[in-house]
Amino acid sequence: MNTQHLSEQEIIRREKLSEFAKLGINPYPAELFPVNTTASFIKNNYTGEENKSDFADVVIAGRILSIRDMGKASFAVLQDGSGKIQLYIRKDDVAPSEDKTQYDIVWKKLVDIGDIIGVKGYVFTTKTGETSIHVSDFKMLSKSLRPLPVVKEKDGETFDEVTDAEFRYRQRYADLIVNPHVKETFVKRTKMINAIRDFLNQQGALEVDTPVLQNIPGGAAARPFITHHNALDVPFYLRIANELYLKRLIVGGFEWVYEFSRNFRNEGMDRTHNPEFTVLEFYVAYKDYLWMMETTEQLLEKTAVAVNGTTKVLSGEKEIDFKAPYKRITMYDAIKEHTGIDVSDKDENGLREVCQQLGIHADKTMGKGKLIDEIFSEKCEKHFIQPTFIIDYPVEMSPLTKKHRSKAGLVERFELMINGKEIANAYSELNDPVEQRERFEEQVKLMERGDDEAMFIDHDFLRALEYGMPPTSGIGFGIDRLVMLLTNQPSIQDVLLFPQMRPERRQGEENVKAPAAKS
């Protein structure tokens, strides 16, 4: 056993493995352990003498979080997937008189905090009034070789809570053990996704899957990740959006499709951006962006209630209400309201002057659409705390969107802003193949100027449009940001089980190189 890079505690725990072997005990047994209850069920339903017979033969399994040795007896805290419960283990109960191994050696010398054990026994109430399990037998189910960070509790309060973000995000498995409240965020995430899925299914929508590996990174303005397909010997891109594939399905005759899509964008990371993220997109034939606003209000109101039992949530100290209807304001009016400048009649040079006046960076790669987007992002977004639809965007900002039916130079698009961040983006979808080709060609010109987020021309998508796509409305929701709102989490990393991080450099791996990607 190479112990060169192990701590003293890790060495001791590995030595205990050898002791188990000498006793003929497998510390990682294969057979099923017949659990018949949970910690939370016991604590929520045991009432003492009234129903003690119902809890006379409980079998439970979990991880040991603490041990208090009292001589011939011990108290321990066991945590399973539902919560924590106290164990009372007495030597005379778990060790027959002719064999003291189970208690004196296994329990007192070989069992550590962090080990996973199974116990059998009956439920009782201690003199201090704590519901506990009087253990009649226990079994080692998994020996822990790495000590957990120590977290202390007293009178219901937690001390020395593990808060180091580097540790928590990199070792989420340990974070979930020592900070069990973290699990609630991810339980709510699942509830939220299920509530959205139920809403869409009840409306007759069809859930579908579309490719993650794409030969054109289409459907959004973003910098893609590039990989290589060895069998085809061509470059592929991790998808930045699934929009163009879902629209192909609308062309094919499906009238309402949706997908929870894992997307990838090779861009910056901060408290609201992660390079790998989850988006819900759905597309509905014969609808427009006005219908989509009403549907969005209904979906989010019902989802908030399903997750938290109310339409109102806290985000920091701000209360946000998902109750419909939501405020609506045009993008130009929003800019004018928060900067005092009307940009509706400005050309590219005029917008550069506005950016300079407002102290906003504007480089030569930015076209009219991106300049307007920068002004809105820097000066307006932060002001929209309650759910607000920003509507009617300039055509230059929206290459996949239908022109406005009554306002020249604008498109039928909205973004839903909540707590100063974009949560959803929706259009009346452009279904004119000739105009769509022209819009793509404008994007190519931006790419040639150095805009690495400009869209590629997707010739197959254009071919699909030429077969005819019905009038359609589509929307994309940022699922991770929505979870942040509904769980009052300040960072996107707190709602991702395994957020991206720079790889660790471990001892002994200084000279190990990652395999080179094929160019």
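Is it the case that some residue within the stretch 352-364 is under 30 Å from the mean Cα position of the chain (by Cα) and either open to solvent by 30 Å² or more (accessible area, probe 1.4 Å) or among the acidic types (Asp, Glu) (or both)? For the stretch 352-364, residues under 30 Å from the mean Cα position of the chain (by Cα) and either open to solvent by 30 Å² or more (accessible area, probe 1.4 Å) or among the acidic types (Asp, Glu) (or both): absent. Scanning the stretch 188-216 for residues that are within 23 Å of Thr487 (Cβ to Cβ) and open to solvent by less than 60 Å² (accessible area, probe 1.4 Å) returns Lys188, Arg189, Met192, Ile193, Ala195, Ile196, Phe199, Leu200. Is it the case, given these coordinates, that Pro499 is of a type outside the set (Asp, Glu), in a loop (DSSP other than H, G, I, E, B), under 30 Å from Lys302 (Cα atoms) and modelled with pLDDT of 95 or more? Against the criterion (of a type outside the set (Asp, Glu), in a loop (DSSP other than H, G, I, E, B), under 30 Å from Lys302 (Cα atoms) and modelled with pLDDT of 95 or more), Pro499 does not qualify. For beta carbons closer than 7 Å, sequence separation of 6+ or different chains, a first residue in the stretch 163-188 that is β-branched (Val, Ile, Thr) and a second that is in a helix (DSSP H, G or I), the qualifying pairs are Val182/Asp175; Val182/Leu176; Thr185/Thr487; Thr185/Asp494; Thr185/Val495. Would you say Asp460 is open to solvent by 60 Å² or more (accessible area, probe 1.4 Å), at pLDDT 85 or above and of a type in the set (Asp, Glu)? Considered against the rule, which asks whether it is open to solvent by 60 Å² or more (accessible area, probe 1.4 Å), at pLDDT 85 or above and of a type in the set (Asp, Glu), Asp460 comes out as yes. Residues that are in contact with a Leu (Cβ under 8 Å, 6 or more places away or on another chain) and assigned to a helix (DSSP H, G or I) were ranked within the stretch 301-325; the one that is nearest to Asn419 (Cα to Cα) is Ala304. When you scan the stretch 10-25, do you find a residue that is farther than 28 Å from Pro149 by Cβ and either touching a residue at least 40 places away in the same chain (Cβ under 8 Å) or assigned to a loop (DSSP other than H, G, I, E, B) (or both), even just one? Yes, some residue in the stretch 10-25 is farther than 28 Å from Pro149 by Cβ and either touching a residue at least 40 places away in the same chain (Cβ under 8 Å) or assigned to a loop (DSSP other than H, G, I, E, B) (or both).
Each row is one residue, and each column tells you yes or no for (1) touching an Asp or Glu at 6+ places or on another chain (Cβ under 7 Å); (2) basic (Lys, Arg); (3) surrounded by 12 or more Cβ atoms within 10 Å (Cβ to Cβ).
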| site | (1), (2), (3) |
| --- | --- |
| Leu32 | no, no, no |
| Asn36 | no, no, no |
| Ser74 | no, no, yes |
| Gln79 | no, no, yes |
| Ile85 | no, no, yes |
| Lys91 | no, yes, yes |
| Asp99 | no, no, no |
| Phe124 | no, no, yes |
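Ile105 meets all of the listed conditions (1) β-branched (Val, Ile, Thr); (2) closer than 14 Å to Phe138 by Cα; (3) more than 33 Å from the chain's Cα centre (by Cα); (4) not in a helix (DSSP H, G or I) but one, namely (4). Considering only the stretch 293-319, state which residues are open to solvent by less than 70 Å² (accessible area, probe 1.4 Å) and among the hydrophobic types (A, V, I, L, M, F, W, C). Within the stretch 293-319, Met293, Leu299, Leu300, Ala304, Val305, Ala306, Val307, Val313 meet the criteria.
Among the candidates Lys22, Lys52, the residue that is out of contact with any Cys (no Cβ under 6 Å at 6 or more places or on another chain), charged (D, E, K, R), open to solvent by 60 Å² or more (accessible area, probe 1.4 Å) and under 17 Å from Thr126 (Cβ atoms) is uniquely Lys52. Of all residues in the stretch 163-187 being closer than 19 Å to Leu486 by Cβ and out of contact with any Asp or Glu (no Cβ under 9 Å at 6 or more places or on another chain), which is modelled with the lowest pLDDT? The selected residue is His181.
Just one of the numbered conditions (1) part of a helix (DSSP H, G or I); (2) in contact with a Cys (Cβ under 9 Å, 6 or more places away or on another chain) is not true of Cys355: (2).
The values are calculated or read from the model by the stated rules, or taken from the named source; none is laboratory data. Keep in mind that what you see is a predicted model, and the values were worked out from it rather than measured. Note that we place each Cβ from the backbone using ideal geometry, even for glycine, and neighbour counts take in every protein chain shown. Note: areas computed on protein heavy atoms with side chains; ligands, DNA, RNA excluded. Shrake-Rupley method; radii C 1.70, N 1.55, O 1.52, S 1.80 Å.
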